[in-house]
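Report on one structure; see the data block that follows.
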Amino acid sequence: MEKKKKIRVPDIVEAVFDICYLLFDLIAGIIFLTKGSGNNLFILYGILTLTLCFGDAFHLVPRVIKGLTGGNEKVTWFMNFGLQVSSITMTVFYILLLYIWKLTFPDLAAPLLVVLLIWITALIRIFICFLPQNNWYNGKGNMKLSLIRNGVFLLTGIGVMILYGISGNTNGYHMTRMIIAIIISFGCYLPVTILSKKKPMIGMLMMPKTCAYIWIIAMGLNLMGMVL
């Protein structure tokens, strides 16, 4: 059984931030599905948003509990299990972004090599995430597998960025901002996966990384206001 710890202000701030993030995702997902007028693009945005919400909730809810109460072995196990779940759902998130791009710009063709890059690297990452050698549940991790799965994940992200670079400012949607958001998310996420065990404070980069995902969803809400 883990010892109770004194609640710190950073723990409270992080907990409030995580709860607000999950609520934003949930509300945005509902808006996409109920206010999207049956448009396939916004139905897909809703699926993307709720996938992100429920996937991240597996990790963030026990993290909030642990941060505010000190947690116990069961909470820690669920938090580590949540890391595995969110790693998979984050990958699905980028696959969905590929099809959101296709529906946003139906007159543009996605290069086959880029589509293959996104799908192949995403499937490789998901496969690696299921390997028991990742040591998700004991919290020890596996640095070699972490570097491999996040290296291929970066290639997935690059594939999506290429698509939004190809579309540029088509239809005046300004969706090239998606590239900036993805760069921010990876720029904050990768250092955490590599260095957080040795330098825990670097884990704070997950907050701007999360803000980048909020921005991506906000772009979809803005697009819905422009299209409908």
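Laid out as a table, the results:
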read-out: Eligible aspartates and glutamates near Lys209 by straight Cα distance, threshold 18 Å, same-chain separation 8 or greater; value: Asp11, Glu14, Asp18, Asp25, Asp56
read-out: Length gained when the stretch Val227-Cys20 is fully extended (0.36 nm per residue, less Cα-Cα span); value: 71.8 nm
read-out: Förster-model FRET efficiency, 22 Å R0, Val92 and Asn135, C-beta, rounded to 0.05; value: 0.45
read-out: GNM result for the chain, Cα springs below 10 Å: residue of Lys66, Lys199, Lys74 fluctuating most strongly; value: Lys199
read-out: Pairwise centroid distance, computed over Cα atoms, of the stretch 94-111 with the stretch 1-69, Å; value: 26
read-out: Carbon + sulfur, % of accessible area of the stretch 120-228 - ligands and nucleic acids excluded, 1.4 Å; value: 72
read-out: Förster radius 25 Å - calculated FRET efficiency between Leu195 and Ala218, Cβ distance, rounded to 0.05; value: 0.30
read-out: HN-Hα J in Hz across the stretch 207-224 - Karplus 6.51, -1.76, 1.60, θ = phi - 60°, x for Gly and Pro; value: 6, x, 4, 5, 4, 5, 5, 4, 4, 4, 5, 4, 4, x, 5, 5, 4, 4
read-out: Rounded accessible area per residue of the chain, 1.4 Å, Å²; value: 50
read-out: Crossing angle, helix 9-35 versus the chain [Cα axis fit, 0-90 degrees, rounded to tens]; value: 30
read-out: Normalised contact order of the chain, rounded percent, pairs of Cα under 8 Å and 6 or more residues apart; value: 18
read-out: Structure-derived Rg and Dmax of the Cα atoms in Å - corresponding label in [x] 20.1, 72; [y] 17.2, 52; [z] 18.0, 59; value: [z]
read-out: Phi-based couplings in Hz for the stretch 45-61 (Karplus 6.51, -1.76, 1.60; Gly and Pro marked x); value: 4, x, 4, 4, 5, 6, 4, 5, 4, 6, x, 5, 4, 4, 9, 6, 4
read-out: Choice from Gly29, Gly71, Gly159 showing the highest fluctuation, given a GNM over the chain with Cα pairs closer than 10 Å; value: Gly71
read-out: Note, ³J(HN,Hα) from phi for the stretch 65-74, Karplus 6.51, -1.76, 1.60, rounded to Hz, x at Gly and Pro; value: 4, 5, x, 8, 10, x, x, 8, 4, 5
read-out: Potential extension, Thr69-Gln84 segment - 0.36 nm per residue separation minus Cα distance; value: 3.1 nm
read-out: Share of carbon and sulfur in the accessible heavy-atom surface of the stretch 56-110 [1.4 Å probe, %]; value: 69
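The values are calculated or read from the model by the stated rules, or taken from the named source; none is laboratory data. Keep in mind that this is a model prediction, so the values were computed, not measured. Ideal geometry is used to build each Cβ from the backbone, glycine not excepted, and the neighbour counts take in all protein chains shown. In case anyone asks, the SASA skips ligands and DNA or RNA and just uses the protein heavy atoms, side chains included. Shrake-Rupley method; radii C 1.70, N 1.55, O 1.52, S 1.80 Å.
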